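S.K.: Below is one structure. I have some questions about it.
The values are calculated or read from the model by the stated rules, or taken from the named source; none is laboratory data. The structure presented is a predicted model; accordingly, all values stated were derived computationally and were not measured. Please note: Cβ atoms are built from the backbone with ideal geometry, for glycine as well, and neighbour counts cover all protein chains shown.
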Amino acid sequence: MHNRAIFVYQNEAMKDYFQKYKFMGDYYMRNVWQAKFSQYIRKNYPPKKWRYIPIPVSQATMQTRGFNQVEGLIKGLKLDHDLIVAQQSKQVQSQKNRKQRMENHQIFEYVGPKIINQKNILLIDDIYTTGRTLYFAQELVQKHTVKEIKSVTLAR
């Protein structure tokens, strides 16, 4: 998986940001990085050449938080919702250690077009920790005759 992150997660400012935005559900915090993240994606992965697929959140997360943190970070880009969370976990990813994350099984289901036909796919997520979430997404998407799959995250 070729992933680009525009920031490093291992600093206090970024940890504080994600605590407020993602874990406390402060949707207004999306505005801190939304323009920069969207601009970075648009510049490095032009819409004419790339199909954008955000990593989905579970229905339980949507009910609790009220928004998909990945989609909140993106503005003005056409997103393709080809993935859904098919398997609900009793414990959210952020509460799992590395070993537990690596032991996860496929959590997504592909609901997009049967043939993507030689399109470049950009998977978009908020944080790359172990990469497991993005690998699950890649595993499903690559079965549909894609040209290239890359991923971009706000932080790693």
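S.K.: Give the residues of segment 1-16 that are in a loop (DSSP other than H, G, I, E, B), in contact (Cβ under 8 Å) with a residue 24 or more places away in the chain and more than 20 Å from THR61 (Cβ to Cβ), sorted by residue number. It would help to see each step written out before you state the result.
M.R.: To start, the set of residues in segment 1-16 that are in a loop (DSSP other than H, G, I, E, B) comprises 1, 8-11.
Filter again for in contact (Cβ under 8 Å) with a residue 24 or more places away in the chain, leaving 1, 8-9.
Of everything in segment 1-16, those that are in a loop (DSSP other than H, G, I, E, B), in contact (Cβ under 8 Å) with a residue 24 or more places away in the chain and more than 20 Å from THR61 (Cβ to Cβ) turn out to be MET1, VAL8.
S.K.: Any idea which of VAL70, VAL57 is part of a loop (DSSP other than H, G, I, E, B), modelled with pLDDT of 90 or more and closer than 24 Å to MET14 by Cα? Outline the logic, then answer.
M.R.: Details: VAL70 fails: part of a loop (DSSP other than H, G, I, E, B).
After ruling out the rest, the residue left standing is VAL57.
S.K.: Select from segment 43-60 the residues that are surrounded by fewer than 16 Cβ atoms within 10 Å (Cβ to Cβ) and closer than 17 Å to GLY76 by Cβ and list them in ascending order. Talk me through it step by step, then tell me what you get.
M.R.: To start, the set of residues in segment 43-60 that are surrounded by fewer than 16 Cβ atoms within 10 Å (Cβ to Cβ) comprises 43-44, 46-49, 59-60.
Of everything in segment 43-60, those that are surrounded by fewer than 16 Cβ atoms within 10 Å (Cβ to Cβ) and closer than 17 Å to GLY76 by Cβ turn out to be LYS43, ASN44, PRO46, PRO47, LYS48, LYS49.
S.K.: Related question: Determine, yes or no, whether GLN39 is surrounded by fewer than 14 Cβ atoms within 10 Å (Cβ to Cβ) and closer than 16 Å to LEU154 by Cα. Break it down into steps so the answer makes sense when it comes.
M.R.: Working: surrounded by fewer than 14 Cβ atoms within 10 Å (Cβ to Cβ): yes; closer than 16 Å to LEU154 by Cα: yes.
Taking the combined requirement at face value, the residue satisfies it.
S.K.: Can you tell me which residue in segment 131-147 is nearest to the chain's Cα centre (by Cα), limited to those that are surrounded by 17 or more Cβ atoms within 10 Å (Cβ to Cβ) and outside any helix (DSSP H, G or I)?
M.R.: Among those residues, the one meeting the criterion is GLY131.
S.K.: When only residues in segment 31-48 that are of a type in the set (A, V, I, L, M, F, W, C) and in contact with a strand residue (DSSP E or B) (Cβ under 9 Å, 6 or more places away or on another chain) count, which is farthest from PHE18 (Cα to Cα)?
M.R.: Start the filter on segment 31-48 by keeping residues that are of a type in the set (A, V, I, L, M, F, W, C), which leaves 32-33, 35, 37, 41.
If we keep only those that are in contact with a strand residue (DSSP E or B) (Cβ under 9 Å, 6 or more places away or on another chain) as well, we get 33, 37, 41.
Details: TRP33: 11, PHE37: 14, ILE41: 20 Å.
Among residues in segment 31-48 that are of a type in the set (A, V, I, L, M, F, W, C) and in contact with a strand residue (DSSP E or B) (Cβ under 9 Å, 6 or more places away or on another chain), the one farthest from PHE18 (Cα to Cα) is ILE41.
S.K.: Quick check: is even one residue across segment 74-88 out of contact with any strand residue (DSSP E or B) (no Cβ under 7 Å at 6 or more places or on another chain), modelled with pLDDT under 95 and closer than 26 Å to LYS150 by Cβ?
M.R.: yes
S.K.: A further question on this structure: Against the condition surrounded by 15 or more Cβ atoms within 10 Å (Cβ to Cβ) and either modelled with pLDDT of 95 or more or in a helix (DSSP H, G or I) (or both), how does GLN19 come out, does it pass? Please lay out each step first, then the result.
M.R.: Numbers: surrounded by 15 or more Cβ atoms within 10 Å (Cβ to Cβ): no; either modelled with pLDDT of 95 or more or in a helix (DSSP H, G or I) (or both): yes.
The answer is no for GLN19.
S.K.: Taking TYR45, is it touching a residue at least 24 places away in the same chain (Cβ under 8 Å) and either of a type in the set (Asp, Glu) or closer than 28 Å to GLN142 by Cβ (or both)?
M.R.: Working: touching a residue at least 24 places away in the same chain (Cβ under 8 Å): yes; either of a type in the set (Asp, Glu) or closer than 28 Å to GLN142 by Cβ (or both): yes.
Considered against the rule, which asks whether it is touching a residue at least 24 places away in the same chain (Cβ under 8 Å) and either of a type in the set (Asp, Glu) or closer than 28 Å to GLN142 by Cβ (or both), TYR45 comes out as yes.
S.K.: On to the next question. Only one of LEU134, LEU140 is modelled with pLDDT of 90 or more, over 30 Å from ASN31 (Cβ atoms) and touching a Phe, Trp or Tyr at 6+ places or on another chain (Cβ under 9 Å); which? Step through it out loud before you land on a result.
M.R.: Numbers: LEU134 fails: over 30 Å from ASN31 (Cβ atoms).
Result: LEU140 is the single residue among LEU134, LEU140 that is modelled with pLDDT of 90 or more, over 30 Å from ASN31 (Cβ atoms) and touching a Phe, Trp or Tyr at 6+ places or on another chain (Cβ under 9 Å).
S.K.: Residue check: is TYR28 loosely packed, with under 15 Cβ neighbours inside 10 Å, part of a helix (DSSP H, G or I) and out of contact with any Gly (no Cβ under 9 Å at 6 or more places or on another chain)?
M.R.: Details: loosely packed, with under 15 Cβ neighbours inside 10 Å: yes; part of a helix (DSSP H, G or I): yes; out of contact with any Gly (no Cβ under 9 Å at 6 or more places or on another chain): yes.
Yes: the conditions hold for TYR28.
S.K.: May I ask you to verify whether ASN104 is out of contact with any Leu (no Cβ under 7 Å at 6 or more places or on another chain), part of a loop (DSSP other than H, G, I, E, B), exposed (fewer than 12 other Cβ atoms within 10 Å of the Cβ) and modelled with pLDDT under 90? Steps first, answer last, please.
M.R.: On the way: out of contact with any Leu (no Cβ under 7 Å at 6 or more places or on another chain): yes; part of a loop (DSSP other than H, G, I, E, B): yes; exposed (fewer than 12 other Cβ atoms within 10 Å of the Cβ): no; modelled with pLDDT under 90: yes.
No: the conditions fail for ASN104.
S.K.: Please go through (1) modelled with pLDDT of 95 or more; (2) closer than 27 Å to LYS143 by Cα for GLN34 and return the number of the only condition it doesn't satisfy.
M.R.: Checking GLN34 against (1) modelled with pLDDT of 95 or more; (2) closer than 27 Å to LYS143 by Cα, the one that fails is (2).
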